[in-house]
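As structure tokens, the structure follows; a few thoughts come after it.
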Amino acid sequence: MRAVAIAAIANAFVRVFPASSLQANVLKQTALFCGAALLVWLLSVTYGLDLSAGFF
């Protein structure tokens, strides 16, 4: 079910922004930057947290 929803969102973006569109490239770069920022934030939040099996 989740894969179907992701595919539907991806198809909607493809229809709205053609592959050669400058807007599509800007959107893609913005999404990548936000994803990288989210990863860095997640790593900084879990820094020093004991995530061993005993934690769960």
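The values are calculated or read from the model by the stated rules, or taken from the named source; none is laboratory data. Not measured: the values here are computed from a predicted model. No Cβ is skipped: glycine too gets one built from the backbone with ideal geometry, and neighbour counts run over all protein chains shown. Heads up: the accessible areas ignore ligands, DNA and RNA and are worked out on the full protein's heavy atoms, side chains in. Shrake-Rupley method; radii C 1.70, N 1.55, O 1.52, S 1.80 Å.
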Contact list, first residue from segment 44-56 and modelled with pLDDT under 70, second anywhere and part of a loop (DSSP other than H, G, I, E, B) and open to solvent by less than 90 Å² (accessible area, probe 1.4 Å), beta-carbon distance below 8 Å, six or more apart or interchain, is 55/49
Scanning segment 23-56 for residues that are open to solvent by less than 80 Å² (accessible area, probe 1.4 Å) and either in contact with a helix residue (DSSP H, G or I) (Cβ under 7 Å, 6 or more places away or on another chain) or assigned to a loop (DSSP other than H, G, I, E, B) (or both) gives 46, 48, 52
